[in-house]
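To keep things clear, I will list the structure first and then write my remarks on it.
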Amino acid sequence: MCSWCWAFRTSLLSLLDGLPREIVIVRLLGGLAPDCEEPMSEETRQLVQGHWQTIERQVPVTKFNYDFWTECEPRRSTYLACRAVIAARNQGQGFDAEMTLAIQQAYYLQARNPSDYSTLFALSEELGLDTDRFANDIKSLATDEILRQEIKQSRRLGLNSFPSLLLEKGEKQLRISPDYTNVDAMLEKFPRIT
């Protein structure tokens, strides 16, 4: 549910396609905003909408459906969506990316609120997941613990902004700045650590 991650999606897919096959990709959930039932303040609503407008100017391939702001009750709450990704992943590693994309499309294009359990449950149905298992997993303590561990690991690695990229080889680490429009600029950095 990070709008800059949504903006990075096209570049990320191109980057992953261009990487050598021996590189192992590890996706970590960063959390962003803890559970909250309070409606988003008007100040925060304006701030997030401002991010959307900035992204549309800087990354023109990225689109947003502003109906979200009138058709939904926005909340600054993303942990439930993170737990939905983990619950989907429990049914097969490929569902991690599929649920992530489904959440992004629901939020940014379809004006559906991924801070609502009902939206996430509907997405699990649309993806063809075992919905009983999904419903149990998304609410389980084990899923919440996995999320908290991934957030801790992200912080330990110094991945404090969204999106973040880190290349590790042995003891060497290289942070790669996300480039939203020039995949080659990111790919050029990979030989430095190999």
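The values are calculated or read from the model by the stated rules, or taken from the named source; none is laboratory data. Computed from a predicted structure; not experimentally measured. Using ideal geometry, Cβ is built from the backbone for each residue, glycine included, and neighbour counts are taken over all protein chains shown.
Structure values in brief
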| item | result |
| --- | --- |
| Total residues in segment 7-43, condition surrounded by 12 or more Cβ atoms within 10 Å (Cβ to Cβ), basic (Lys, Arg) and more than 29 Å from Trp69 (Cβ to Cβ) | 0 |
| Hits in segment 161-183 (condition: touching a residue at least 60 places away in the same chain (Cβ under 8 Å) and either touching a Gly at 6+ places or on another chain (Cβ under 9 Å) or of a type in the set (Gly, Ala, Ser) (or both)) | Phe162, Pro163, Ser164, Val183 |
| Residues that are crowded, with 16+ Cβ neighbours inside 10 Å and assigned to a loop (DSSP other than H, G, I, E, B), drawn from segment 151-188 | Leu159, Phe162, Pro163, Ser164, Pro178, Asp179, Tyr180 |
| Residue within segment 132-144 that is surrounded by 19 or more Cβ atoms within 10 Å (Cβ to Cβ), touching a helix residue (DSSP H, G or I) at 6+ places or on another chain (Cβ under 8 Å), modelled with pLDDT of 95 or more and among the β-branched types (Val, Ile, Thr) present | yes |
| Residues of segment 88-115 satisfying the condition of being part of a loop (DSSP other than H, G, I, E, B), touching a residue at least 12 places away in the same chain (Cβ under 8 Å) and not hydrophobic (A, V, I, L, M, F, W, C) | Asn90, Gln91, Gln110, Arg112, Asn113, Pro114, Ser115 |
| Test set (1) under 29 Å from Val183 (Cα atoms); (2) touching an Asp or Glu at 6+ places or on another chain (Cβ under 6 Å) - Phe64 fails condition number | (2) |
| Qualifying residue in segment 134-155 (condition: over 16 Å from the mean Cα position of the chain (by Cα), closer than 17 Å to Leu80 by Cβ and among the basic types (Lys, Arg)) | yes |
| Some residue of segment 56-75 being of a type in the set (Lys, Arg), buried (at least 18 other Cβ atoms within 10 Å of the Cβ) and touching a Leu at 6+ places or on another chain (Cβ under 9 Å) | no |
| Hey, Tyr108 hydroxyl-bearing (Ser, Thr, Tyr) and surrounded by 15 or more Cβ atoms within 10 Å (Cβ to Cβ) or not | yes |
| Some residue of segment 108-130 being of a type outside the set (Asp, Glu) and over 22 Å from Asn65 (Cβ atoms) | yes |
